[in-house]
Amino acid sequence: MTGNPGDAPAPPPDRTGNGPAVSRAEFDALFDSVRTWGRWTPADRGAWNRVTAEHVRRATALVRSGTVVPLAHPWDTAPGPDNPLPALHYMSDLGDVEPPEPSAHKDFIGVDYHGKAVSHLDALSHIAYRGHLYDGRVAHEAVDSGGARFGAVSALGPLVTRCVLLDLPAVLGGPWLEPGRAVHAEDIVAAERALDVTIGEGDAVLLRSGSPRRRRELGAWDPSAASAGLHVDALPLLAERGIALLGGDGDSDVRPSPVDGVHSPVHALAIAAMGVPLLDNLDLEALSAASAGTGRYAFLLLVAPLNIPGGTGSPVTPVAVL
């Protein structure tokens, strides 16, 4: 070997794990660089303010076949390593309480939905970083035992917009991404190129890792310990594109977190800095098949959360229309 060791080319970055590691100082600088505080009124709708009537009209023009694809998991009442707080469902009336004819059957549902099993929407009150919600609101002043007075899911209302599916297994090969695999900005650009789609202003972006298929074929695991998802280096690209909504079949964060002392850095960047609500724990397998069959990875998306005053989010069944 000739030359100095310092002249040797650096080894290529590891693109199979959750790295590269990010220091807290680097993360704080990134947070400040993508922050959109003070940009919109009303502030607690955040990036959903990007979606205008014109965006909706353009999104409806994407509908061709009229195929409707629901994107939520079934209501999960079975405990498991990925569902430590199962949803509740029981019958409260078996037709034997009210006077006869007609008899009525009634049931109860309940859920602690900010977990790993229930498909749900995170509103802007769900995440605080450095003591502040989105738009600089002091978290302990805005959220108390009565709920959220800023950034509640009831402030969001329904969303109809163009959506882009980033089907990473289809691009990279294989049925799924292994838990712990980080998706980087370069992966997003490669997916756009391979799938002939471009993320634009006001779009929703859904990342498919294939985790529901992996669970069905290999069994459940603890996604809090290891799951495929976005590395924080992907967020500046999404911020530059001006997205309105981010989601996937995990909770968007790669786990373990690559950021020292921050367990959900993508949540902090998307929600608290950028004002972008998140869709967590979707099932995108049917959508992947439908998109592959048509060759179309952009479509109409409808998200209609429950109207819960003070709620930090809502269980939801998003619907794609192709």
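Quick notes on this one:
- Total residues in the stretch 23-61, condition buried (at least 20 other Cβ atoms within 10 Å of the Cβ) and over 23 Å from the mean Cα position of the chain (by Cα): 0
- Residues in the stretch 77-118 that are open to solvent by less than 60 Å² (accessible area, probe 1.4 Å), among the hydrophobic types (A, V, I, L, M, F, W, C) and closer than 19 Å to G311 by Cα: A87, V111, A117, V118.
- Residue pairs whose Cβ atoms lie under 8 Å apart, separated by 6 or more positions or on different chains, with the first residue in the stretch 171-200 and hydroxyl-bearing (S, T, Y) and the second in a helix (DSSP H, G or I), are T198/E192.
- Among the residues making up the stretch 143-189, a single one is within 20 Å of V51 (Cβ to Cβ), open to solvent by 20 Å² or more (accessible area, probe 1.4 Å) and among the hydroxyl-bearing types (S, T, Y): S154.
- Here Y297 fulfils each of the conditions (1) farther than 21 Å from R241 by Cβ; (2) open to solvent by 10 Å² or more (accessible area, probe 1.4 Å) apart from (1).
- Strands (runs of 3 or more DSSP E) lying entirely in the stretch 253-322 (those with 2 or more residues that are under 13 Å from the mean Cα position of the chain (by Cα)): 278-280, 313-315
The values are calculated or read from the model by the stated rules, or taken from the named source; none is laboratory data. Source: prediction; values computed, not measured. Cβ: placed from backbone, ideal geometry, glycine included. Neighbour counts: every protein chain shown. Ligands, DNA and RNA are stripped out before the accessible areas are found, and what is left, the full protein with its side chains, is counted by its heavy atoms. Shrake-Rupley method; radii C 1.70, N 1.55, O 1.52, S 1.80 Å.
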